[in-house]
Amino acid sequence: MPDSSFRKANEPFTGMILDKPMSTHFSVSCVTGLFQCLLCGRQIAAVEIAAHKRLHADMIGYGILWPPLTEILPRRVRVPTYESFHLAEILGVGRVYIRDEGANPSGSMKDYSVEYAVDLGVLAGHRNFSVVSSGNHAYSLCRRTQEVGARAVVFTPASSSKIALLASFPNVLVVGMRDAVFEDVYNLVMKAELCSSEGVYNANVDNENLLVGFSVIADDILSLSAAPTHILAGVGNGSYLAGIALGLSWRFGGILPKIVPVGMKGAFPAEDAFHRGVPCCKYQEFHALEDEIDAAEGSIALESYSMPQLMHGLKLTGGFPLGGLTNEDLGAAYRVLAGDAELINCGVIPEPTGIMSLAAALKWRHRFQPSDVLLLSFTGHGAKDLRGISRVSPAVSQPLIASAIRYRPDIVEQPGMPRLGTVLFIEKGTTPDELRALILEHKR
């Protein structure tokens, strides 16, 4: 397959999306192997998953299994990967690739698992899909369910910057919890069992079938002319990098590229889990001032619900976490990105959460060798968070925002967007029974 989706040293800069976003789909096949429990090591058949997870009641809501080899066809949409000589020189490494997940139909990497979830759900006869998300995961689900004529039920903190975007879709119910962080919402919904109730398909990361959706990314990575030594991406739950490690382990028999999860200062429990050598770690509160780290709203975490899978991916690849990022580090990354005219001209503008990979590479550049080949994933497009870009990098925001709008006008939140969906707000003290009753009132 030709390497037309990235720039070689002797070729012009030619990033390209290989197909129209609306043609995205997976072909789902039967899973015949056994899942591995990452907590107790037991081998689990697909029909035993629900019963087995009840044995780990303290991990409700988590992805705790490693899927067996599953054959799925590649997506018809491939996102572009670019090579940046500018960033390689600044970072002092051999090569730098930028994977632009913002080119996905919804503008983020969440499309991989969401498309797979909707395909599985529709195949099983479901018309209602549910997710807990502060933004990108929910937006991806809302967009995809509209394409297949289904309905999305989204639970989110009321502070989410993307509620207006979510509500711009018909057949969407958005429930926002006031004065809450993501974990407050997630844990309430899990206790109420609303994402796995009768007739509703669970699109959250605790659905053990969905990690497979990310595995197809490995095909693109292995097609690059130089094999990456490290794959960096900002993490929230951790399923994106865990899924890449899963796909690489299925396709490659040699030394795997190291996955490098990236996190914000005091809001990155995966880093603690790694250094303690345990599959999971939870925080009771953030270990940093929120106004120093809150620009990356999709990544600041008290709990990461794919953490056991991410820890296993780190073990498989010999990877390591890089944390300690602040809003100031994100701003520094934007200022460096602004110096790469070719990336800007191609609309490769990540949102603050999406630029965490570059921010970490800059902050921790001493961790890499001159011969290293870095793949930096820009996990979401900046067109969905123009205010965030302006806030953390005001000095260079104008050309960045102009490029983001020019290339992805379809995902820009417009003033006065019509509210076609339903938005409800609940208080932080809402009980599971009260939430179930509220959802029942709005059931279709």
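Selection of helices (runs of 4 or more DSSP H) fully inside the range 54-147 by the criterion of at least 1 residues being over 23 Å from Asp410 (Cα atoms) and free of Cβ contacts under 8 Å to residues at least 24 places away in the same chain returns 85-91. Evaluate the range 105-121: report whether one residue or more is at positive phi and modelled with pLDDT of 95 or more. Yes: one or more hits. Looking across the range 64-120 at every residue that is of a type in the set (S, T, N, Q) and more than 19 Å from the chain's Cα centre (by Cα), the one that is nearest to Gly354 (Cα to Cα) is identified as Ser84. Is it the case that some residue within the range 287-309 is closer than 24 Å to Asp206 by Cβ, within 21 Å of the chain's Cα centre (by Cα), at pLDDT 95 or above and assigned to a loop (DSSP other than H, G, I, E, B)? Within the range 287-309, one or more residues are closer than 24 Å to Asp206 by Cβ, within 21 Å of the chain's Cα centre (by Cα), at pLDDT 95 or above and assigned to a loop (DSSP other than H, G, I, E, B).
In the condition set (1) in contact with a helix residue (DSSP H, G or I) (Cβ under 7 Å, 6 or more places away or on another chain); (2) outside any loop (DSSP other than H, G, I, E, B); (3) of a type in the set (Val, Ile, Thr), Val205 is compliant with all but (2). Within the range 193-202, the residues that satisfy the criterion of being part of a loop (DSSP other than H, G, I, E, B), touching a residue at least 12 places away in the same chain (Cβ under 8 Å) and closer than 25 Å to Tyr240 by Cβ are Leu194, Cys195.
For the range 165-192, the set of residues classified as more than 20 Å from the chain's Cα centre (by Cα) and either free of Cβ contacts under 8 Å to residues at least 24 places away in the same chain or more than 24 Å from Gln284 (Cβ to Cβ) (or both) consists of Ala167, Ser168, Phe169, Pro170, Asn171, Val172, Leu173, Val175, listed by residue number.
Filtered by the rule that a residue be among the β-branched types (Val, Ile, Thr) and at pLDDT 95 or above, the range 236-256 gives a lone residue, Ile244.
One line per residue, one yes/no per condition, for (1) of a type in the set (D, E, K, R); (2) in contact with a Gly (Cβ under 6 Å, 6 or more places away or on another chain); (3) surrounded by fewer than 21 Cβ atoms within 10 Å (Cβ to Cβ):
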| site | (1), (2), (3) |
| --- | --- |
| Val132 | no, no, no |
| Cys142 | no, no, no |
| Val148 | no, no, yes |
| Ser161 | no, no, yes |
| Val175 | no, no, no |
| Val185 | no, no, no |
| Leu188 | no, no, no |
| Leu194 | no, no, no |
| Glu198 | yes, no, yes |
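The values are calculated or read from the model by the stated rules, or taken from the named source; none is laboratory data. Computed from a predicted model, the values in this text were never measured in an experiment. Please note: Cβ atoms are built from the backbone with ideal geometry, for glycine as well, and neighbour counts cover all protein chains shown.
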